[in-house]
Amino acid sequence: MRRAAGEPLSRIVGKREFWGLSLTISPHVLDPRPETESIVEASIAILGDRRDEQLRILDLGVGSGALLCGLLVEFAYARGVGVDISTDAADVALGNLDACGLSERAEIRVGDWTNGLHGPFDLIVSNPPYIPTADLPRLRREVRNFDPWLALDGGFDGLAAYRRIMAEAKFLLAPGGWLIAEFGAEQGAEVVAIANQSGFTDATTYKDLAGLDRVVAVRP
């Protein structure tokens, strides 16, 4: 009956596989999508030759902890910090890091994007809210009725979070560091423009499994 009402199977069982990891999800976190794995793939493409270094990784809007878990698995000597404005989401992320045996290399904080953070970080990743507010009621019911709107609502044009993140993150990056972020359909050019205006360069976009531009990587 719940599935017939549109509730995704992952919500019903409370689990989602991401990057080969079985993660717990709750109504308080975004259900991790396969396309978000493109951030992990881009991180490996850019920093794969630094796997033996003690990198510092920051995940802004950590949600379930899916990205941070995937990255810490791939970069075995790295340490990570995840930030989320939701206390409930932070609890889910902590639980997933512990279940994956990664909690000793990670810290989860409740906060508003970069407020109170101190770098430097070698890699900053984010899958921020990017749905324009007016489009939220028109989303598929599987998303509209079951994903938290806090994790979806990107402001009037869907780009509010990028303006904050791009403006603030460059001051937290180490020399040679990268910022990698997911964006929505047809938002790539606008996100790159925001990055350029914020002092980033060398923008590279990466496609998801459907062949759509999904992730941008930039550096100061």
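In the stretch 17-44, the residues that are under 20 Å from Glu74 (Cβ atoms) and in contact (Cβ under 8 Å) with a residue 12 or more places away in the chain form Cβ pairs under 7 Å with partners that are in a strand (DSSP E or B) and among the small types (Gly, Ala, Ser), at six or more places apart or across chains, as follows: Ala42/Ala217.
Let's see how each residue does on (1) of a type in the set (Lys, Arg); (2) over 27 Å from Ala161 (Cα atoms); (3) modelled with pLDDT of 95 or more:
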position	(1), (2), (3)
Leu21	no, yes, yes
Glu37	no, no, yes
Glu41	no, no, yes
Gly48	no, yes, yes
Arg51	yes, yes, yes
Ile57	no, no, yes
Gly70	no, no, yes
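When the residues of the stretch 19-50 are filtered to those that are among the hydroxyl-bearing types (Ser, Thr, Tyr) and part of a helix (DSSP H, G or I), the one that is surrounded by the most Cβ atoms within 10 Å (Cβ to Cβ) is Ser43. Quick check on Gly70: is it within 25 Å of Asp112 (Cβ to Cβ), free of Cβ contacts under 8 Å to residues at least 40 places away in the same chain and small (Gly, Ala, Ser)? Considered against the rule, which asks whether it is within 25 Å of Asp112 (Cβ to Cβ), free of Cβ contacts under 8 Å to residues at least 40 places away in the same chain and small (Gly, Ala, Ser), Gly70 comes out as no. Looking across Gly176, Gly211, one residue alone is part of a loop (DSSP other than H, G, I, E, B) and without any contact (Cβ under 8 Å) to a residue 60 or more places away in the chain. It is Gly211.
The values are calculated or read from the model by the stated rules, or taken from the named source; none is laboratory data. What you see is a predicted model; the values in this text were computed from it and never measured. Here Cβ is always computed from backbone atoms with ideal geometry, including for glycine, and neighbour counts include all displayed protein chains.
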